[in-house]
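The values are calculated or read from the model by the stated rules, or taken from the named source; none is laboratory data. These numbers come from a predicted model, not from an experiment. So basically every Cβ, Gly included, is an ideal-geometry build from the backbone, and we count neighbours across all protein chains shown.
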Amino acid sequence: MPQPLPLPTFHPDQTPLAAPAPDCAYFDAGACRSCALIETPYAQQLRAKEDRCRALLPGVAAEAWLESVAGGVRGFRNKAKLVVGGEAGHVTLGILGPDGHGVDLRECLIQSPEIHAAIPAIARLLEESGLAPYDVPGRRGELKFVHVTSSPTGQLMLRFVVRTAHAADRLAKLTQRLTDLVPNVEAASVNLLPEHKAVLEGDEERALIGSSLTMQLGNISLHLLPRSFFQTNTPVARALYAQAAEWVAEVQPASLWDLYCGVGGFALHCAPAGQGASDLSGDSGSGSASQHAPVPSGTAAVGPVVTGVEISEAAVASAQRSARDAAIDARFIAADATAFALGSSASEAPEMVIVNPPRRGIGADLAGWLEQSQINHVIYSSCNPESLARDLAAMPGFTVRRARVFDMFPHTAHLEAMLLLERV
Ligand SMILES: C[S@@+](CC[C@H](N)C(=O)[O-])C[C@H]1O[C@@H](n2cnc3c(N)ncnc32)[C@H](O)[C@@H]1O
C-alpha cells in the first residue's frame, strides 16, 4: 500500500486558526471584495464552513467528522488571474473595477510569495512592450490578462492573454527579457482571445518558454499545462491527496478508479509504485471495452490497480508522464467520466472509486450507476457541498464513514469537503 503523507493538524490555539483577521487595505478601501470574509477571524470562518456542511449533510454522524484542515490566512493561493488595466507604459495588474477599468492589486496578501514577488517584474515587462492594456468599455487595446501559477519549489508558469497576433509577436520578441526579469519562470505562453467576451482565455496558445510547470508534491511531480486544472492551495491539496491515500490504504481495494482525475493527483497518490508504469500508462482514447480491462499484474507493486479518467486529453498526457517519471502503476484514460462508468460491464467495475467533479457534481446518472453497482467504497471530494448533498441523496445505499472539511479557499464561503462512503 502507498505510504500516506502526514496530514497537517491544526488546533484552535495554534496559527493559522488563532491568527487575527489580516488587514487588507484593498478590502478596507472597497477596491476589492473578493475575500468577502477577510474581516472574520479565521477560526470563525472555518466553524461556519463546518456548520454549513453539517447542515447540508444531516445524515453524516457527528463522530464521522474529522478535524478540518485549515487553509492559511495569507500567501496560500498558488494561482492569480490578473486583469491588465491602465495605459501603455503604465499598467495595473489586478481585477476589473465596476466601471470596467483595471484596479491594481499587486500587494494582494493571499497570493503566494513567489507570485507577489513576480508581479512588479511582469508589470515592467508589459510596460516595456509598449502594448496598450485592453480597454473593456472602449473594446480596444491588446493586453487582457496575465495568469500566474506558482509551484511548491518557487517556479512560475505565466500566460499572457492578448487580443491580437501582433501583441503575441511583440511578447514573443521579449522572451529573453522575460527570463531576465522573472528568472524563476519555468513555462510561459501567449494566449489569443480576439473576441470581446467575458471569458479568461481563448482557443489558441503559443508557447514562449517550456511547456509545463512541475508541481513537486513529495516524490510525485505533477505537470501542469497552461489549461490544466490544479487545486488552488498547494498545502491543502497535499493534505487532500494524503487523506485519500490513507482511506484507500485502510480499505485495501484491489482496484480503484479516479474519476475526474485532472493531472492525476489522487490516482498517483493512491497507486503503488512499481516497475511497469511506463508500459501501463500509455492507454488513451474513449469508449472501447478494453479501456475498462484491469491493468496486467506482474510488477512488484502492492496496492490497487488504479485507473484515472479525465475529459482533457492534455491532462491525461500529463498524468501519464507523472506515472512514468515516478514508476507508478496507474493508467489514465481520456473519457467522459459518466460514459466511462456506464460503458463498463459489472466485471470491469472496480472495488473502490474516487470522484472529484467540477462544481456541478457527478449528476444523477453517475450517482445512480454507483448506487446500482457492486462497489463498496467511494471517496467523494467536492468543492460544492450543495451538489455533493444532491448526489449523496441519490446514493442511499451508502453511509458516510468519514467526512472532513479542507479549507482550500480561506476568506471566502467556498470549501472542499471529502467523504469516505461505505455501502451499508
Ligand atoms: C475539480 S477538478 C479535479 C481534478 C483532479 N482530481 C485534481 O485533484 O486536480 C475536475 C476535473 O474534471 C474534469 N472534467 C470535467 N468534466 C468531465 C467529464 N465529463 N468527465 C471527466 N472529467 C471531467 C476537468 O477537466 C477537471 O480536470
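Couple of notes before you dig in:
- Subset of segment 234-243 [out of contact with any Gly (no Cβ under 9 Å at 6 or more places or on another chain) and not β-branched (Val, Ile, Thr)]: 239, 243
- For segment 248-273, the set of residues classified as more than 13 Å from residue 326 (Cα to Cα), within 11 Å of the ligand (Cβ to nearest atom) and of a type in the set (A, V, I, L, M) consists of 259, 263, listed by residue number.
- Among residues of segment 311-345, those that are away from the ligand (no atom under 12 Å from the Cβ) and farther than 19 Å from residue 366 by Cβ, counted: 12
- Residues in segment 211-230 that are more than 16 Å from the ligand (Cβ to nearest atom) and either crowded, with 19+ Cβ neighbours inside 10 Å or farther than 16 Å from residue 155 by Cα (or both): 219 only.
- In this structure, residue 308 does not qualify as within 15 Å of the ligand (Cβ to nearest atom) and surrounded by fewer than 17 Cβ atoms within 10 Å (Cβ to Cβ).
- Residue match in segment 78-100 (condition: modelled with pLDDT of 95 or more, of a type in the set (D, E, K, R) and buried (at least 20 other Cβ atoms within 10 Å of the Cβ)): no
- Residue match in segment 162-174 (condition: out of contact with any Leu (no Cβ under 8 Å at 6 or more places or on another chain), within 30 Å of residue 235 (Cα to Cα) and touching a residue at least 24 places away in the same chain (Cβ under 8 Å)): no
- Options 263, 248: the member that is of a type in the set (Val, Ile, Thr), buried (at least 20 other Cβ atoms within 10 Å of the Cβ), outside any loop (DSSP other than H, G, I, E, B) and in contact with a Leu (Cβ under 9 Å, 6 or more places away or on another chain): 248
- For segment 231-246, the tally of residues that are more than 18 Å from residue 113 (Cβ to Cβ) and within 11 Å of the ligand (Cβ to nearest atom) stands at 4.
- Scanning segment 191-210 for residues that are surrounded by 14 or more Cβ atoms within 10 Å (Cβ to Cβ) and not in a strand (DSSP E or B) returns 193, 201, 202, 210.
- For segment 330-370, the set of residues classified as assigned to a helix (DSSP H, G or I) and closer than 23 Å to residue 246 by Cα consists of 370 only.
- Of all residues in segment 137-185, those satisfying the criterion of being part of a strand (DSSP E or B) and either β-branched (Val, Ile, Thr) or not assigned by TED's automatic domain parsing to the domain that holds residue 195 (or both) are 146, 148, 149, 161, 162, 185.
- Residue that is surrounded by 16 or more Cβ atoms within 10 Å (Cβ to Cβ), over 24 Å from residue 235 (Cα atoms) and not aromatic (Phe, Trp, Tyr), where the choices are 394, 403: 394
- Every residue from segment 116-136 that is assigned to a loop (DSSP other than H, G, I, E, B) and small (Gly, Ala, Ser): 130, 132
- If only residues of segment 101-124 that are of a type outside the set (D, E, K, R) and surrounded by fewer than 21 Cβ atoms within 10 Å (Cβ to Cβ) are counted, the one that is farthest from residue 73 (Cα to Cα) is 101.
- Annotation: residue 279 fulfils all but one of (1) of a type in the set (Asp, Glu); (2) assigned to a helix (DSSP H, G or I); (3) modelled with pLDDT of 95 or more; the unmet one is (3).
Per-residue answers, yes or no, for (1) assigned by TED's automatic domain parsing to the domain that holds residue 241; (2) basic (Lys, Arg); (3) within 16 Å of the ligand (Cβ to nearest atom); (4) at pLDDT 95 or above:
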position: 358; (1), (2), (3), (4): yes, no, yes, yes
position: 362; (1), (2), (3), (4): yes, no, yes, yes
position: 371; (1), (2), (3), (4): yes, no, no, yes
position: 390; (1), (2), (3), (4): yes, yes, no, yes
position: 396; (1), (2), (3), (4): yes, no, no, yes
position: 419; (1), (2), (3), (4): yes, no, yes, yes
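- Pairs, first more than 19 Å from residue 424 (Cβ to Cβ) in segment 359-376, second among the acidic types (Asp, Glu), C-beta under 7 Å, six or more apart: 361/391; 362/391
- Single match in 290, 286 (criterion: within 11 Å of the ligand (Cβ to nearest atom) and at pLDDT below 95): 286
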